Amino acid sequence: MNQIDFQPLVANFQGTTGIIIKTLDSGSCFQFNPNLVFPAASLIELPILWEFFHQCATGSLDLAEEIELQSEDMVIGFGILRQLKPGLKLCLYDLAVLMTVVSDNTATNLLIDKLGIDNINDSIQRIGLTHTILQYKMYDSISTSQDNLTTPSDMLRMLEAFIQDKHLLSKYGDEPLKILEGQQCKNKLHLGIPKGARLANKTGETLGTEHDIGVLLGREETVIIVVMTTGLSENYQGIELCRDVARLVYQNTL
């Protein structure tokens, strides 16, 4: 990776940000606030996705098992399940896809219940995410003002696990990145790269917080991009930063 000057973006940014750019082939890495703790928003769904396929790989879960959607399962926020009729049957794999590609909060909570918060947090520790914790389900009625937590360095490690440790998921090792390549939330990193460029990414957002992290899959280089922002007066500020970082990375690496 050519030397990229991210300092103008960071210096002019109105908010708090953490950025990591790592080229896996060469190991070159740019980091800014890598260990700063951020509200995770929907990025917490990545370790949930890992634990889902881990349980499938160990035989404790069948990805084809069906769950019947109940009205009490539906929560506000992102997703489409809350707009559908109760009684719909979905297999666990469908829930994992909906959780990942459209950040469906109802699907996420159903998977948390099925997998177990303790099991997810155990996986978080095994992967090596030292400052990440799942404390609440999405829009938990007990504490809607609180969030789950993570750091840019933990999200770098999470994406590295999907690439470098996929053997731990047995025959399901390729599934997470395939699902992430189908991401439907394309208003951040995707805006900085040409149409057709391969990006497996996950977004996260709440009021004043915008994240996008992903694996840019080039023909010769594989680059992990982590952009996390919070303390925004307007959310578009974080969206623009994600776009500008992705543009610089693409122009200088691929």
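The values are calculated or read from the model by the stated rules, or taken from the named source; none is laboratory data. Predicted model only: the values in this text are computed from it and were never measured. All Cβ positions, even for glycine, are placed from backbone atoms using ideal geometry, and neighbour counts span all protein chains on display. Heads up: the accessible areas ignore ligands, DNA and RNA and are worked out on the full protein's heavy atoms, side chains in. Shrake-Rupley method; radii C 1.70, N 1.55, O 1.52, S 1.80 Å.
Quick notes
- Within the range 161-175, the residues that satisfy the criterion of being open to solvent by 70 Å² or more (accessible area, probe 1.4 Å) and not hydroxyl-bearing (Ser, Thr, Tyr) are Gln164, Lys166, His167, Leu168, Lys171, Asp174.
- When restricted to residues that are assigned to a helix (DSSP H, G or I), more than 20 Å from the chain's Cα centre (by Cα) and either exposed (fewer than 13 other Cβ atoms within 10 Å of the Cβ) or small (Gly, Ala, Ser) (or both), the range 71-115 contains 3.
- Filter result for Ser143 (at positive phi and either out of contact with any His (no Cβ under 9 Å at 6 or more places or on another chain) or at pLDDT 95 or above (or both)): no
- Scanning the range 116-141 for residues that are outside any helix (DSSP H, G or I) and charged (D, E, K, R) yields Lys137, Asp140.
- Flag if Asp118 is open to solvent by less than 10 Å² (accessible area, probe 1.4 Å), on the phi < 0 side of the Ramachandran plot and among the acidic types (Asp, Glu): no
- Qualifying residue in the range 36-59 (condition: assigned to a loop (DSSP other than H, G, I, E, B), in contact with a helix residue (DSSP H, G or I) (Cβ under 6 Å, 6 or more places away or on another chain) and in contact (Cβ under 8 Å) with a residue 24 or more places away in the chain): no
- Close pairs from the range 214-240: first closer than 16 Å to Ala41 by Cβ and among the hydroxyl-bearing types (Ser, Thr, Tyr), partner modelled with pLDDT of 95 or more and assigned to a loop (DSSP other than H, G, I, E, B), Cβ under 7 Å, at least 6 apart: Thr229/Gly15; Thr230/Gly15; Thr230/Gly208
- Options Ser42, Ser26: the member that is closer than 17 Å to Thr100 by Cα and either in contact with a Gly (Cβ under 6 Å, 6 or more places away or on another chain) or open to solvent by 30 Å² or more (accessible area, probe 1.4 Å) (or both): Ser42
- Residue within the range 228-244 that is in a helix (DSSP H, G or I), at negative phi, within 12 Å of the chain's Cα centre (by Cα) and surrounded by fewer than 19 Cβ atoms within 10 Å (Cβ to Cβ) present: no
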